[in-house]
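Data first, discussion second: the structure below is written as structure tokens.
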Amino acid sequence: MKRLVLLLSFIVGFTGSTALAADCVSKAEMSEIASHFTQFRNLANKDFCFDGSQTSNLIATIMFMRKTAFEADMPKSSDELFSGRFSQSWYNYFIGRIDDLDVQSSCPKGVGAYVYGFGNTMYICPMMLTDAFSALDRASVFMHEARHIDGYPHTTCSRGARKGLQGACDVRISDGGSYAVTVETYAQLAKYATDLHPALKAYSLASAVTYADEAFETPARVDRQDELLLMSNTKGFFSLDVTKSNRVETLGSTPALGHIVSRAQHLILFPEDKNLPAEYLFTKNEGKISQAAGEAAIEYNSQTPAQRAELVDLHIGAQWMAKVYADKVKFTCDPRAATVNELPMNGAKAVGILYVNGYDRTSRLNYLMADDGNVYEFGCTESFRPFLRASSMKLDKNFKRIHKVGNIVVGLTYDGHLFQIDGPKTTAIQTAIDGQIYEIAPRQSYGFFNSAN
Ligand SMILES: [Zn+2]
């Protein structure tokens with residue numbers, strides 16, 4: 001039986017980025033690697049320099065497992081993000097189980113790598129060896145696959161974000177199966193890596209929580225708090241805590257003004273300046289990562305500024321995606337196929353998605369605001385059928401955004417003010433930056449990553 005890792009193809013996103021500071025691997029390192037992976041023996045007698053090839057990306061991943069440095073002391077989390085049981089030498093763990101890396105010529109959508117219930121070969125899909133994918137993500141996938149050699153097959157998810165997807169869930173994180181390894185490797189990188197780029201650490205944090213939330217029948221326990229991210233007209237980021245008298249805390253600054261789209265726990269910035277590409281966004285001045293932020297961002301970045309300007313908004317669910325344009329919505333409803341369906345706005349003009357029930361990756365329905373103040377419903381059914389129809393919902397203002405923070409629904413108006421929304425009634429929320437709020441997005445903070453050690 002084939003045991004694979006279901007990647008978050010549009011389910012989450014891939015990182016690619018520089019694996020190592022140096023561009024070459026020493027002859028001594030290459031000899032060590034080839035002593036285990038004999039497929040590289042013809043490369044053992046010289047330095048190896050990265051060139052973007054599949055072999056290069058395999059070796060970069062092996063080097064990432066061999067060389068990433070962590071703090072000496074890595075206490076476990078008080079929740080279920082990090083037990084530390086896979087925290088010892090990743091490379092030794094890996095080579096204890098895998099001795100052959102077999103690159104495939106093609107794989108089904110969403111599959112990154114797999115092993116069988118026998119043998120010590122890991123099969124790797126070509127998509128994962130492109131530069132759209134980082135050594136960091138590959139290392140997490142390789143560790144995940146190695147865990148399958150110990151047993152631990154997946155099940156089909158019966159609930160949650162991956163409901164119905166075959167082999168996309170483990171029962172619970174405490175069983176220590178392959179998805180537990182995925183969560184723990186990302187959590188370890190985010191919390192304890194000592195010389196990893198801050199943006200890659202922030203990316204790892206979001207990946208750890210996403211898998212913790214989505215890859216288990218019983219979601220992993222994650223100590224977290226809902227907040228609202230505010231972007232100001234002057235490019236500042238702030239965190240609003242609606243449970244603490246709307247206290248505003250300064251974070252970092254944004255590289256550009258723009259629209260923030262959530263992709264699970266990741267944030268993607270679509271800049272107002274259409275000459276700029278869409279990219280992963282980090283809110284505490286962590287900097288950037290080089291890879292594209294998933295399929296929709298790759299498509300967007302391949303377009304002209306005029307084409308980019310046509311995209312009004314974007315919803316990235318766990319199993320479906322919708323691109324909102326002024327006059328239509330384009331749906332990708334089937335997570336296993338590239339089929340795109342288009343439904344017209346029939347004369348109304350769409351201006352943005354309203355997350356009245358919060359950004360929920362499992363939800364099959366969202367709301368849309370039109371410029372005449374009417375609200376529409378859109379989504380994909382469980383049988384992959386798209387829908388777009390008028391909603392009976394009434395709002396007393398035209399909102400630019402609506403998000404839910406805990407139990408509180410918050411709307412942003414075009415003049416930069418926040419309102420709490422209770423059905424048709426709205427109440428102003430006073431903050432320190434009233435009238436200067438350009439964009440809002442959901443944000444969470446986590447006990448484990450915020451703790452001091
Ligand atoms: Zn797997």
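Key figures
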| quantity | calculated |
| --- | --- |
| Spatial separation of Cα centroids for the stretch 213-269 and the stretch 67-96, in angstrom | 27 Å |
| 0 to 90° range, to nearest 10: angle between helix 135-149 axis and the chain longest Cα axis | 60 degrees |
| Mean separation of Cα contacts under 8 Å (6+ apart) over length of the stretch 324-453, as relative contact order % | 16 percent |
| Accessible surface, the chain, averaged per residue in Å² (probe 1.4 Å) | 40 Å² |
| Semi-axes of the equivalent ellipsoid for the chain, Cα gyration tensor, largest first, Å | 39, 23, 21 |
| Of every Cα-Cα pair in the stretch 2-218, the percent that sits beyond 33 Å | 9 percent |
| Rounded tilt (10° steps) of 27-36 against the dominant C-alpha axis of the chain | 80 degrees |
| Cα→Cβ-extended label distance, 7 Å offset, between S245 and D422, nm | 2.1 nm |
| Inter-centroid distance (Cα atoms) of the stretch 150-211 relative to the stretch 347-401, Å | 31 Å |
| No Cys partner within the rule (Cβ under 4.7 Å), the chain | none |
| Reach of K163 by Cα under 13 Å, taken over aspartates and glutamates that are not fewer than 8 positions away in the same chain | D213, E214, E217, D334, E382 |
| Stretchable slack from T218 to A309, in nm (0.36 nm times residue separation minus alpha-carbon distance) | 28.7 nm |
| Computed over the chain: relative contact order in percent, which uses C-alpha pairs under 8 Å that are six or more apart | 14 percent |
| With Cα atoms, 0 to 90° folded angle of helix 178-192 axis to the chain main axis | 80 degrees |
| Debye log10 I(q)/I(0) for the stretch 379-419, one point scatterer per Cα, at q = 0.24 Å⁻¹ | -0.88 |
| Shape metrics for the stretch 225-448, restricted to C-alpha atoms - Rg then Dmax, Å | 16.8, 49 |
| Among the listed pairs K244/K397; K328/K400; K191/K288, those beyond 23 Å (Cα-Cα) | K244/K397 |
| Karplus-derived HN-Hα couplings along the stretch 114-121 (A = 6.51, B = -1.76, C = 1.60, θ = phi - 60°), whole Hz, x at Gly and Pro | 7, 10, 9, x, 8, x, 10, 9 |
| J(HN,Hα) series, the stretch 415-421, from Karplus relation 6.51 cos²θ - 1.76 cosθ + 1.60, nearest Hz, glycine and proline x | 9, x, 10, 9, 9, 7, 10 |
| Carbon + sulfur, % of accessible area of the chain - ligands and nucleic acids excluded, 1.4 Å | 48 percent |
| Cα gyration tensor category, rounded, prolate or oblate, for the stretch 137-202 with a/c compared to 1.5 | prolate |
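The values are calculated or read from the model by the stated rules, or taken from the named source; none is laboratory data. Note that the structure is predicted; figures quoted are calculated from it, not measured. Note that each Cβ is placed from the backbone with ideal geometry, even for glycine, and that neighbours are counted across all protein chains shown. Just the protein is used for accessible areas: all its heavy atoms, side chains included, with ligands, DNA and RNA removed. Shrake-Rupley method; radii C 1.70, N 1.55, O 1.52, S 1.80 Å.
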